[in-house]
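The values are calculated or read from the model by the stated rules, or taken from the named source; none is laboratory data. Bear in mind the structure is a predicted one, so any value in this text is a computation, not a measurement. When we count neighbours, we look across all protein chains shown, and the Cβ atoms used for this are built from the backbone with ideal geometry, even at glycine.
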Amino acid sequence: MTRVATGKYLSGQYLSAAVSFGCWLAVGPQLFAQPTLLPQGDVIPRDVREITDRGLEFLLSTQNADGSWQGGNSGPGTTGLALMAFLASGEDPNFGKYSQPIRQAIRYIIRRQDAATGYFGESMYHHGFATLALAEAYGTCDEAELWSGEASQLGGNERSLGESLELAVRCAITAQGKNPHAAWRYSPNARDADTSVSGAVLMGLLAARNAGIEVPDKSIDSAIRYFTSMTGDNGVVGYSGGLGGFGHSIARSSIACLVYSIARRKDLKQFEATKKYVVNNMSESSHYEEYARYYEAQALFQADPAAWQKWNRGLVRSLKPAQNEDGSFSGQFGKATSTSLNLLALALNYRFLPIYER
């Protein structure tokens, strides 16, 4: 398949974004579906295609029979990242060699959802990434075939993507309503919050809303207020408990910059501050390397396309020799998650998903 650099949706561009990850190691009827993808644009550079193809082959070879991935991390969020890696490179959930693995991943995520609360489990990190992944798959997957031959194994618990997303949104909003900061932490019942977990959940909500699922403006506005309260004039973003928490972090500043971009709040002074920080610190190292890389790619792409192009060339040069013979990437999160995060950082070159549109 010849891949191209830009994906436009027929009825316009939908915007969504994924954020957050680092600390997760410690731990109704269908609405408006997204229109069919119509790819167009420049041919993808050879090195990007080769890295992506080898990485996808690794993910294909290591998927479990239930549709999940594991190895260092496991759960609906881990599987959601791998699912997005396939979708973001233009793979079709209905046709082609990766269609069955994609549908298996979707089914696994839905099966892991609590039917009563909508919670995907493990932690709110997992909940955010799983929500995002399903939102990106929503409307692209032929749901008439999604559960074909599977009902006997589920005991009647199968749900559509739209129903699952509605439940996931309800869970996130309920958790936010219980939180004094109007944000999120590891547990749905948490009374504290941090910018990393909150980014994951907020971007899941934005993705769901952009896919046609109802998300109250109040929920988005309250979460943005939390992020502005944690953003300093110099673009440094606190972690938890106040603006000064844990010093500088390219990952957190990238998360906040991305949040403001995707929520269409580029008029905020906090957006300008985080944009300046991210652009001026593109070479800053991070303890969570793949995690930071994933967000930095998206933040730069949304905030400063010229800076992203420069950073992206360096990314390709660094990833090519780092890729293992089996197509994987080694990292602190385990091969499956590290590979997914690196492929998603590269996926801005494709721009197939709403998440990678400006």
Test: residue 289 is more than 22 Å from residue 105 (Cβ to Cβ), surrounded by 22 or more Cβ atoms within 10 Å (Cβ to Cβ) and charged (D, E, K, R): no
Hits in the range 162-213 - residues which are of a type in the set (Val, Ile, Thr) and buried (at least 21 other Cβ atoms within 10 Å of the Cβ): 169, 195, 197, 201, 213
Test set (1) of a type in the set (A, V, I, L, M, F, W, C); (2) in contact with a Ser or Thr (Cβ under 6 Å, 6 or more places away or on another chain); (3) over 19 Å from residue 274 (Cα atoms) - residue 213 fails condition number: (2)
Some residue of the range 208-219 being closer than 22 Å to residue 134 by Cα, of a type in the set (S, T, N, Q) and either modelled with pLDDT under 95 or not in a helix (DSSP H, G or I) (or both): yes
Yes/no for residue 130 being within 26 Å of residue 239 (Cα to Cα), more than 16 Å from the chain's Cα centre (by Cα) and small (Gly, Ala, Ser): no
Odd one out for residue 263, checked against (1) in contact with a strand residue (DSSP E or B) (Cβ under 9 Å, 6 or more places away or on another chain); (2) closer than 19 Å to residue 201 by Cα: (1)
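Tell me whether the range 35-44 contains one or more residues that are at pLDDT below 90 and in contact with an Asp or Glu (Cβ under 9 Å, 6 or more places away or on another chain).
Checked against the condition, which is being at pLDDT below 90 and in contact with an Asp or Glu (Cβ under 9 Å, 6 or more places away or on another chain), the range 35-44 yields at least one hit.
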Given (1) among the hydroxyl-bearing types (Ser, Thr, Tyr); (2) over 20 Å from the mean Cα position of the chain (by Cα); (3) not in a loop (DSSP other than H, G, I, E, B), index of the condition residue 198 fails: (2)
Check on residue 251, under 17 Å from residue 205 (Cβ atoms) and not in a loop (DSSP other than H, G, I, E, B): no
Test: residue in the range 229-245 that is of a type outside the set (Ser, Thr, Tyr), under 15 Å from residue 172 (Cα atoms), surrounded by fewer than 16 Cβ atoms within 10 Å (Cβ to Cβ) and modelled with pLDDT of 95 or more: no
Residue count for the range 41-59, restricted to those that are surrounded by fewer than 16 Cβ atoms within 10 Å (Cβ to Cβ) and either part of a helix (DSSP H, G or I) or among the β-branched types (Val, Ile, Thr) (or both): 6
Unique residue being under 19 Å from residue 208 (Cα atoms), of a type in the set (S, T, N, Q), touching a Leu at 6+ places or on another chain (Cβ under 9 Å) and not in a helix (DSSP H, G or I) when the list is 117, 131: 117
Residues that are touching a Ser or Thr at 6+ places or on another chain (Cβ under 9 Å), farther than 24 Å from residue 353 by Cβ and not in a loop (DSSP other than H, G, I, E, B), drawn from the range 254-298: 269, 270, 273, 277
Matching residues in the range 316-351 - criterion: being outside any helix (DSSP H, G or I), over 30 Å from residue 306 (Cβ atoms) and of a type outside the set (Gly, Ala, Ser): 324, 325, 326, 332, 333
